[in-house]
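Some notes on the structure that comes next.
The values are calculated or read from the model by the stated rules, or taken from the named source; none is laboratory data. Keep in mind that this is a model prediction, so the values were computed, not measured. For neighbour counting, all protein chains shown are included, and Cβ atoms are generated from backbone atoms with ideal geometry for every residue, glycine included.
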Amino acid sequence: MLLPTRTRSLRFSTTEIEHLILGTALVTAAGVSFLYGSTSSALALLIATVVFAMGFILHELAHKYVAQNYGLWAEFRVNTFGVILTAISVVSPFKFIAPGAVVISGFADRERMGLTAIAGPIVNVVIAMGLISLLPVLANTAIYIAILYGAAINAFLALFNLIPFSIFDGRKVYAWNKRYWIVIFVVSLLLTLYAYFLLGMF
């Protein structure tokens, strides 16, 4: 496996920061809309807001970090179509949570692109697994539902981004290594089904 040759600190432009703020706000609003009517706890809503925001930001930063460690230019950019659909998701039962993506330029072979692409979904899988592991000790607490929704959203974000077509991360991962794609896709699918199964019990 091709590994980064040296560690580089993350670098951000003013434009990228503005786009990240907009993207995070939209994704967080769409995510919190899942909780509408499910809880009246201010603490639960606050925790859900933080979890949804972190799931999105860390996903994008994982792409950016890996790409920059390979010496590539990488910055997050929103796109009009994604912003509109994500904004609609805030008030619609249909959820499309993808206001933008990390844009990459420079020489990148299939392996570099695959490793960069898989980094984001892996972050969401780790977050979802971590949140699910907390559920047994949070049973019968006000924040249980927020943590469960957070796990569901992160699992779904991983699964959604692993679609092996078009602009999704899954297309690059699948083109690079089909076995890795199958493993991470199946794990994301199982986590999503499990989280939504638990949600269905409410």
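Pairing each residue of segment 64-80 that is basic (Lys, Arg) with any residue that is crowded, with 16+ Cβ neighbours inside 10 Å, provided the two are 6+ apart or on different chains, yields C-beta distances under 6 Å for Lys64/Ala74; Lys64/Val102; Arg77/His19; Arg77/Gly100; Arg77/Val103. Ile57 falls short on exactly one of the conditions (1) part of a helix (DSSP H, G or I); (2) under 17 Å from Ala152 (Cβ atoms); (3) among the aliphatic types (A, V, I, L, M); (4) modelled with pLDDT under 95, and that condition is (2). For segment 60-83, the tally of residues that are among the aliphatic types (A, V, I, L, M), within 15 Å of the chain's Cα centre (by Cα) and part of a helix (DSSP H, G or I) stands at 2. As a summary of the residue check, Ile88 satisfies the conditions (1) under 25 Å from Ala48 (Cα atoms); (2) in contact with a strand residue (DSSP E or B) (Cβ under 7 Å, 6 or more places away or on another chain); (3) exposed (fewer than 14 other Cβ atoms within 10 Å of the Cβ) except for the one numbered (2).
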